[in-house]
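Visitor: Take a look at this one; I'll ask things after.
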Amino acid sequence: MIQSTRIQKLNEVTRRKKGDYILYWMQEAQRCQDNQALELAIRSANKYGVTVVVCFGIMDSYPEANERHYAFMLEGLADVAQGLRSRGIAFIVRRGMPGDIALALSQNATAVICERSYMPNQVRWRRQLAEKASCPVIQVETEVVVPINVVSDKSEYAARTIRPKIHRVWDEYIIPMAETELHKPSDAFEFESDFDVTDTASVLSQLDLDRSVTPVSRFKGGETEAQILLDNFVTGTVDGYADGHNEPSAEKTSFLSPYLNFGQISPVAAAVAARGTDTGSNEDRTSFIEELIIRRELAINYIAFDTDFSSYGALPGWARKTLAEHAHDEREYIYSMAELEACNTHDQHWNDAMREMVHTGFMHNYMRMYWAKKILEWSPTPECAFATTIALNNKYFLDGRGPNSYANVAWCFGLHDRAWTERPIFGKIRYMNANGLNRKFDMPAYTAFVDALVASEQN
Ligand SMILES: Cc1cc2nc3c(=O)[nH]c(=O)nc-3n(C[C@H](O)[C@H](O)[C@H](O)COP(=O)(O)OP(=O)(O)OC[C@H]3O[C@@H](n4cnc5c(N)ncnc54)[C@H](O)[C@@H]3O)c2cc1C
């Protein structure tokens, strides 16, 4: 089922009667399964007696993306190519600005279908396409369980304010989607592509990109891998998630965030699977769904309604006020960004977390909180700490550069949180220290866990 609330017309142009195909411009949902935009394209094509073609634009030097991100994305596109081929759908991959590529191919299209994005540059690309295209441009909201405007019309204050709004309607959205067969296949059509994405290494070598951060072996991109991770999670790891997911070396989480970030798995499919399993307790499943839907969609709500989200100025007024009052407090340690990247501070736990990030493109959630709080403590100013944390987050994490990145870093600086007991440097911002980690978790096990991960990346 594709709920009508997921679908928005981006222009008022009427359907081109002589179009050759429905064009699906893929970008946010880099998958063939559980993809409402692809499904709508197929249903529309069958209805109007045409076929579907899918296009993807690969830009050199996409802002903040490096070889690590590109490699993961390209592994995913190889899966997409295979998945589309098996459904008889042509996949056109061209080099350049994605919106321009979609516009060029829209000349012969009956209509264009794209996914809704929340990041400003991508919102702009869709708006520009809709203004210039001479056929209808229709947007489908594929990357959330509940469409954000159904939930709220404003930036929500905290998880506790968005939760009841999502709970009220989510049963209408946590529903599996049936796939429709395309009546007129397009894979025999001759379309020019700039890349053969089934050869990841070759495409990677042809692109002009930042190669300062290398690909990782810990995570292989693509919906096949994402589906394996989800299956393993709902049939095993979810058991004990509620109590165990905060333990940094326990591997009690799903590891789906890189895949969700690139649209290689559907959040609806993950929610359906988590609700449908009888593995684990009700509390385990509820706790996972809270992260997957409430926390993740709170982050998307923030990005969608607070367009200044990447700047320090977007933090809540009380947080900026208290941090300003403590901006001149003495700092025992101050580290530059380069010193942080060298994973060589005085704090072993922090260094371990940073090694996990630099070498594997991921970090456990609890360690992410500690990691960001310490950058605040060890930076000359809170503004500098905020900028450094965002920059490192987006440089190294495979799940970086998205709504969760900005909202979660901002959370460490007071967003969606409340005031706590006042203390030096942090003011009323929630504080964390190494004693808390040592008390709650097996930290020597985390060091050994990271040692093993790093050794495996270096082999
Ligand atoms: C400082 C900081 C920076 C972070 N940066 C990012 C980032 O760049 N990208 C990113 O996806 N997440 C980020 N997070 C949130 C969280 O750490 C990761 O989503 C989580 O660790 C991913 O692991 P998992 O997929 O195994 O999670 P699971 O525990 O299996 O959770 C399932 C899914 O729920 C979502 N989720 C989990 N925790 C959160 C959360 N706190 N907020 C919002 N959604 C959540 C994720 O999509 C995750 O894949 C950050 C957290 C902090 C404190």
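The values are calculated or read from the model by the stated rules, or taken from the named source; none is laboratory data. As the structure is a prediction and not an experimental result, all values here were calculated from the model. So basically every Cβ, Gly included, is an ideal-geometry build from the backbone, and we count neighbours across all protein chains shown.
Visitor: Thr421 is checked against (1) under 26 Å from Val216 (Cα atoms); (2) surrounded by fewer than 17 Cβ atoms within 10 Å (Cβ to Cβ); (3) of a type in the set (Ser, Thr, Tyr) and fails just one. What number does that condition carry?
Guide: In the conditions (1) under 26 Å from Val216 (Cα atoms); (2) surrounded by fewer than 17 Cβ atoms within 10 Å (Cβ to Cβ); (3) of a type in the set (Ser, Thr, Tyr), Thr421 misses (1) alone.
Visitor: If we scan segment 380-395, do we find a residue that is closer than 17 Å to Leu256 by Cβ and either of a type outside the set (Asp, Glu) or assigned to a helix (DSSP H, G or I) (or both)?
Guide: No, every residue in segment 380-395 fails to be closer than 17 Å to Leu256 by Cβ and either of a type outside the set (Asp, Glu) or assigned to a helix (DSSP H, G or I) (or both).
Visitor: Does segment 285-319 hold any residues that are aliphatic (A, V, I, L, M) and more than 15 Å from the ligand (Cβ to nearest atom), and which are they?
Guide: Correct list: Ala314 only.
Visitor: Does any residue in segment 401-413 that is in the same structural domain as Glu377 (by TED's automatic domain parsing) come within less than 9 Å, Cβ to Cβ, of a residue that is of a type in the set (Val, Ile, Thr) and near the ligand (Cβ under 6 Å from one of its atoms) six or more places away or on a different chain, and which pairs are these?
Guide: Once the first residue is in the same structural domain as Glu377 (by TED's automatic domain parsing) and sits in segment 401-413, no partner that is of a type in the set (Val, Ile, Thr) and near the ligand (Cβ under 6 Å from one of its atoms) comes close enough.
Visitor: Considering only segment 208-305, give the helices (runs of 4 or more DSSP H) lying wholly within it that have at least 2 residues that are more than 15 Å from the chain's Cα centre (by Cα).
Guide: 223-232, 241-244, 267-276, 282-289
Visitor: Identify all residues within segment 1-20 that are of a type in the set (Lys, Arg) and more than 22 Å from Met177 (Cβ to Cβ); write none if there are none.
Guide: Arg15, Arg16, Lys17, Lys18
Visitor: Does segment 203-228 hold any residues that are surrounded by fewer than 22 Cβ atoms within 10 Å (Cβ to Cβ), hydrophobic (A, V, I, L, M, F, W, C) and within 16 Å of the ligand (Cβ to nearest atom), and which are they?
Guide: Once the filter is applied, which keeps residues that are surrounded by fewer than 22 Cβ atoms within 10 Å (Cβ to Cβ), hydrophobic (A, V, I, L, M, F, W, C) and within 16 Å of the ligand (Cβ to nearest atom), segment 203-228 yields Val213, Val216, Ile228.
Visitor: For residues that are in contact with a helix residue (DSSP H, G or I) (Cβ under 8 Å, 6 or more places away or on another chain) and at positive phi, tally how many sit in segment 40-91.
Guide: The total comes to 1.
Visitor: Of the numbered conditions (1) acidic (Asp, Glu); (2) outside any helix (DSSP H, G or I); (3) within 13 Å of the ligand (Cβ to nearest atom), Asp329 satisfies every one except a single condition; which is it?
Guide: (3)
Visitor: Tally the residues that are small (Gly, Ala, Ser) and within 12 Å of the ligand (Cβ to nearest atom), restricting the search to segment 229-243.
Guide: Selection size over segment 229-243: 1.
Visitor: While we're here: Can you go through Asn261, Asn246, Asn282 and tell me which one is at negative phi, within 11 Å of the ligand (Cβ to nearest atom) and surrounded by fewer than 18 Cβ atoms within 10 Å (Cβ to Cβ)?
Guide: When all the criteria are applied, what remains is Asn246.
Visitor: May I pose another question? Got at least one residue in segment 2-13 being modelled with pLDDT of 95 or more, out of contact with any helix residue (DSSP H, G or I) (no Cβ under 7 Å at 6 or more places or on another chain), farther than 16 Å from Leu204 by Cα and assigned to a helix (DSSP H, G or I)?
Guide: Yes.
Visitor: Could I ask something else about it? Just to be sure, is Ser379 more than 10 Å from the ligand (Cβ to nearest atom) and either at pLDDT 95 or above or over 30 Å from Val144 (Cβ atoms) (or both)?
Guide: Yes, satisfied.
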